[in-house]
Amino acid sequence: MQDVKDTPRALVRIGFDGRVHKTFRGHQARERFDNEVRVLRHLEAQGCDFVPRLLESDSDNLKIVTTNCGKRVDHLADERVKELFDELAAYGVRHDDAFLRNITYRITDGRFCLIDFEFATLLHDPDSAPRNVTH
């Protein structure tokens, strides 16, 4: 596996099969894990096709496995970044970490995608919003 991100909050690796393995750690790891799983399940149920699909979740080890949404984007106009994150609202989600680092480009269909939903909020379900999760 190739390490993509190794921070106090998460270890993200890409397997040889292309799947993304994310292990949550550090401050409020359980809450961030639970929230990302909840949001990814919601987006899949809503038919959102520009986010990773949750393939596995291991609550004992705070680890998820998702599909790969392509390569990180280095440059994009601020207006386009805003449009991409605003597009989530149609699926009932606000990203809450709406930065370029959370945008990828999927070459197979030429689509910009969004990743990293540990701080996201479900707009129509106030009970599912993260509690006391700080960036």
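Please treat every number below as a calculation from the coordinates, not as lab data. Predicted, not measured: the structure shown is a model, and the values here were computed from it. Cβ sites come from the backbone with ideal geometry, for glycine too, and all protein chains shown count toward neighbours.
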Residue 25 versus residue 58, label points 7 Å from Cα toward the beta carbon: distance in nm? 1.4 nm
In nm, to one decimal, how far is the modelled label at residue 99 from the one at residue 7, with both set 7 Å along Cα→Cβ? 0.6 nm
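Mind checking the full-extension length gain between residue 41 and residue 75? Use 0.36 nm per residue of separation minus the Cα-Cα distance, one decimal, nm.
Values: separation 34, 0.36 × 34 = 12.24 nm, distance 2.89 nm.
Separation in residues times 0.36 nm, less the Cα-Cα distance, equals 9.3 nm.
Can you list the trypsin sites (Lys or Arg not before Pro) in the range 47-112 that are in a DSSP coil and have 16 or fewer other beta carbons within 10 angstrom?
Values: sites: 53, 63, 71, 72, 80, 82, 94, 101, 106, 111; in loops: 53.
Within the range 47-112, the qualifying trypsin sites (Lys or Arg not before Pro) (loop, at most 16 other Cβ atoms within 10 Å) are 53.
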List the cysteines in the chain whose Cβ has no other cysteine Cβ under 4.7 Å from it. 48
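How much length is gained on full extension from residue 14 to residue 67, taking 0.36 nm per residue of separation minus their Cα-Cα distance?
Full-extension gain reported as 18.1 nm.
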For the range 96-106, in order, what is each residue's ³J(HN,Hα) by Karplus, 6.51 cos²θ - 1.76 cosθ + 1.60 with θ = phi - 60°, in whole Hz (x at glycine and Pro)? 6, 8, 7, 10, 3, 4, 9, 10, 10, 10, 9
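Rounded to the nearest 500, what is the chain's calculated 222 nm mean residue ellipticity when only DSSP H runs of at least 4 contribute -39500 (n - 2.57) each, over all residues?
Values: 2 runs with 27 residues, N = 135.
Using -39500 (n - 2.57) per qualifying helix, the result is -6500 deg cm²/dmol.
Where Rh denotes the Kirkwood radius from the mean inverse Cα pair distance, what is Rg over Rh for the chain? Before the final figure, lay out each step's value.
Numbers: Rg = 14.0 Å, Rh = 15.1 Å.
Rg/Rh for the chain comes to 0.93.
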